[in-house]
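J.: Got a structure for you, written out below as structure tokens; questions coming shortly.
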Amino acid sequence: MPVLLSTNPQTSFPVADHYPSDDVLMARVQANDLDQLAVLFDRYHRPIFNYLLRRTNNDRETAEDLTQTVFERLLKYRTSYQPSQQFRAWIYQLARNAHADHWQRQQQLRTTDVLDSEQRGQLGASAFAAQDAAEHSQHLYEALALLPDAQRDILVLNRIQGFSYEEIGEQLACSAGAARVKAHRALQALRAIFFAS
Amino acid sequence: MPDRPSPYDCFTVADLLVDYADQLLPPQQTERVAAHLAQCPACREEVVQLRAVAQRLEAVEPAAPAPELRTHFLQLLEQEKAALAATAAAPEARVRPMWPQAATRWALRIAAGVALLLTGIGLGQWNRSADSSAAATAPAAGPTRHALQLASSLSGEGAQRLSASDRIQLVSSAAAAVDTTKAADPVVQVLINTLNFDPNANVRLAAAGALYRLRADPRVGEAFTQSLSIQTDPNVQILLIELLVNMRERRATTQLEQLARKPDALPIVRQQAEYGLGTLL
Ligand SMILES: [Zn+2]
């Protein structure tokens, strides 16, 4: 398969055929051709930033910091990428982990150790919502902020970023059917909050 | 007259309502749900609400991250490359010139540009705009001296001693030091030269990012527009289009039209150019 950039104007292939795939680029990165990471950065930094922006209830600064962290880790841990994985699933997992680390740090700042982990999650969510409500008055974002984090994750992927249930299944290491059920529940939960009162 | 639906009827279609709202069900199931909805106001309401909330989510516009993200990452990348090269290179290999063949031509062009800038028009412009009593007689001071130093580091032999990573660092810190309240800081012109002529695409990207921070200076939009017609690296092309769109730089439409039709531009670049045109027009 030709991997270098074809510049022949006669060919009518879609972009994907002109440009090497993510996985090909990542294989080159692993072979220490680090410039290929700049291409991956261009492909992914916007979607990853937007994913993190919605996961953090539109906290721009945090989303930018976390995006930075994702690409730093991508560079640092490039050898841990398995070619059998989909690159996209992998980078979203890095983003999910960076967000989880951030979330954990927030929790440590906010809660005392008498609370069990379940209460902690709920308190965290409402604290986020309260903090967020002032800055972002839109009803939708308020409702999203009240969802459990895992449901917000799946709605951002499915409805805001347009991933299919198959693609979400790849990312979350579950079947497409399970991803569909989770995504439906999340949408139902959002509907209930959105139209409550 | 049909019976009122029982809670059990609702239960049997509950799992299908999201897919129904999304119009993803096969015909048979669609009919089944539709038949239930015809009798059940509660489920009808639910479908309306599901559609409303799904549409709101799908209407969330993507946000643009700060261009500094890219500069920072490219800097990190160059540092990592330098570290790799340092571990990989044998002592004698390190002596070999790390400079590509195009470098001489490039260095000459920057040097020429800088010389023109500092001895001629550029300096004159700056002096006119600076406090006239002091600037008329004093030797190169303040911003001008800084620009001179920067120019000698970023072009000619000075630059050949610096790694791409160092040049990226220099470009970023130079932009941070620019006094945006003064008109025509010569550093801006040095950065423009770097954007146009540095042999390393990542340095050119960093220069674009640095200039973007100085976009209040009218030379920046102009330079981005001009640069679009000479850059050949797709990453640089894509970034410039993005920045021009962010700046709502309508003077760029001619260049964008050319790029969108340019046969040897990558399809992804042509698409970005079309997107830019669509947004600017
Ligand atoms: Zn019903």
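The values are calculated or read from the model by the stated rules, or taken from the named source; none is laboratory data. This is a predicted model, so every value here is computed, not measured. Every residue, glycine as well, gets a Cβ built from its backbone with ideal geometry; the counts of neighbours run over all protein chains shown.
J.: Suppose we filter B:Ile230, B:Ile268 for residues that are free of Cβ contacts under 8 Å to residues at least 60 places away in the same chain and in a loop (DSSP other than H, G, I, E, B); which single one remains?
T.: B:Ile230
J.: Right, another one. Quick one: in the stretch B:71-83, of everything that is more than 7 Å from chain A (Cβ to nearest Cβ) and within 16 Å of A:Val70 (Cα to Cα), which residue is surrounded by the fewest Cβ atoms within 10 Å (Cβ to Cβ)?
T.: Residues of the stretch B:71-83 that are more than 7 Å from chain A (Cβ to nearest Cβ), as a first pass: B:71, B:75, B:78-79, B:82-83.
Keeping just the survivors that are within 16 Å of A:Val70 (Cα to Cα) gives B:71, B:75.
Numbers: B:Thr71: 25, B:Gln75: 22.
Filtering first and then ranking leaves B:Gln75.
Residues checked against (1) part of a helix (DSSP H, G or I); (2) over 13 Å from the mean Cα position of the chain (by Cα):
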{"site": "A:Arg28", "(1), (2)": "yes, yes"}
{"site": "A:Asp33", "(1), (2)": "no, yes"}
{"site": "A:His45", "(1), (2)": "yes, no"}
{"site": "A:Val70", "(1), (2)": "yes, no"}
{"site": "A:Leu75", "(1), (2)": "yes, yes"}
{"site": "A:Thr79", "(1), (2)": "yes, yes"}
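J.: Still on this model: Taking B:Glu68 and the conditions (1) surrounded by 15 or more Cβ atoms within 10 Å (Cβ to Cβ); (2) under 25 Å from A:Ala143 (Cα atoms); (3) away from the ligand (no atom under 15 Å from the Cβ); (4) of a type outside the set (Val, Ile, Thr), which numbered condition does it fall short on, given that it satisfies the others?
T.: Of everything listed in (1) surrounded by 15 or more Cβ atoms within 10 Å (Cβ to Cβ); (2) under 25 Å from A:Ala143 (Cα atoms); (3) away from the ligand (no atom under 15 Å from the Cβ); (4) of a type outside the set (Val, Ile, Thr), B:Glu68 misses just condition (2).
J.: Can you say whether B:Asp185 is closer than 27 Å to B:Pro65 by Cβ, surrounded by 21 or more Cβ atoms within 10 Å (Cβ to Cβ) and out of contact with any Lys or Arg (no Cβ under 8 Å at 6 or more places or on another chain), as far as the supplied structure shows?
T.: On the way: closer than 27 Å to B:Pro65 by Cβ: yes; surrounded by 21 or more Cβ atoms within 10 Å (Cβ to Cβ): yes; out of contact with any Lys or Arg (no Cβ under 8 Å at 6 or more places or on another chain): yes.
Judged against the criteria, B:Asp185 is a match.
The rows are residues; the columns are (1) among the β-branched types (Val, Ile, Thr); (2) closer than 25 Å to B:Ile268 by Cβ.
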| site | (1), (2) |
| --- | --- |
| B:Val190 | yes, no |
| B:Asn196 | no, yes |
| B:Asn200 | no, yes |
| B:Arg204 | no, yes |
| B:Gly209 | no, yes |
| B:Ala216 | no, no |
| B:Ala223 | no, yes |
| B:Gln226 | no, yes |
| B:Pro234 | no, yes |
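J.: Okay, moving on. Tally time: how many residues in the stretch B:236-248 are more than 13 Å from chain A (Cβ to nearest Cβ) and farther than 16 Å from B:Gln271 by Cα?
T.: 2
J.: Among the numbered criteria (1) away from every other protein chain (no Cβ under 12 Å); (2) at pLDDT below 80; (3) within 15 Å of the chain's Cα centre (by Cα), which one does B:Ser227 miss?
T.: The single condition B:Ser227 does not satisfy is (2).
J.: Suppose we keep only residues that are of a type in the set (S, T, N, Q) and assigned to a helix (DSSP H, G or I) within the stretch B:19-65. Which one would you say is nearest to the ligand (Cβ to nearest atom)?
T.: Within the stretch B:19-65, the match that is nearest to the ligand (Cβ to nearest atom) is B:Gln39.
J.: At pLDDT below 95 and away from every other protein chain (no Cβ under 14 Å): which single residue out of A:Ala129, A:Ala38 fits that description?
T.: None of the others qualify; the one that does is A:Ala129.
J.: Another question, if that's okay. Got a number for residues in the stretch B:146-177 being more than 18 Å from B:Leu74 (Cβ to Cβ), surrounded by fewer than 22 Cβ atoms within 10 Å (Cβ to Cβ) and of a type in the set (A, V, I, L, M, F, W, C)?
T.: Counting residues in the stretch B:146-177 that are more than 18 Å from B:Leu74 (Cβ to Cβ), surrounded by fewer than 22 Cβ atoms within 10 Å (Cβ to Cβ) and of a type in the set (A, V, I, L, M, F, W, C) gives 2.
J.: Specify which of the listed residues (B:Leu239, B:Leu244) is assigned to a helix (DSSP H, G or I), farther than 25 Å from B:Arg161 by Cα and in contact with a Pro (Cβ under 8 Å, 6 or more places away or on another chain).
T.: B:Leu239 is the lone residue from the list that is assigned to a helix (DSSP H, G or I), farther than 25 Å from B:Arg161 by Cα and in contact with a Pro (Cβ under 8 Å, 6 or more places away or on another chain).
J.: Continuing with the same structure: Has the stretch B:54-67 got any residue that is more than 24 Å from the chain's Cα centre (by Cα), charged (D, E, K, R) and within 7 Å of chain A (Cβ to nearest Cβ)?
T.: Taking every residue of the stretch B:54-67 in turn, at least one turns out to be more than 24 Å from the chain's Cα centre (by Cα), charged (D, E, K, R) and within 7 Å of chain A (Cβ to nearest Cβ).
J.: Six or more apart or on different chains, Cβ atoms under 6 Å: show the pairs whose first residue is in the stretch B:26-50 and under 16 Å from A:Ala192 (Cα atoms) and within 14 Å of chain A (Cβ to nearest Cβ) and whose second is more than 12 Å from the ligand (Cβ to nearest atom) and at pLDDT below 95.
T.: Matching pairs, first to second residue: B:Gln49/A:Phe195.
J.: Checking the conditions here, which among B:Leu195, B:Leu205, B:Leu191 is farther than 17 Å from B:Ala66 by Cα, surrounded by 24 or more Cβ atoms within 10 Å (Cβ to Cβ) and under 14 Å from the mean Cα position of the chain (by Cα)? Talk me through it step by step, then tell me what you get.
T.: Working: B:Leu205 fails: farther than 17 Å from B:Ala66 by Cα; B:Leu191 fails: under 14 Å from the mean Cα position of the chain (by Cα).
B:Leu195 is the lone residue from the list that is farther than 17 Å from B:Ala66 by Cα, surrounded by 24 or more Cβ atoms within 10 Å (Cβ to Cβ) and under 14 Å from the mean Cα position of the chain (by Cα).
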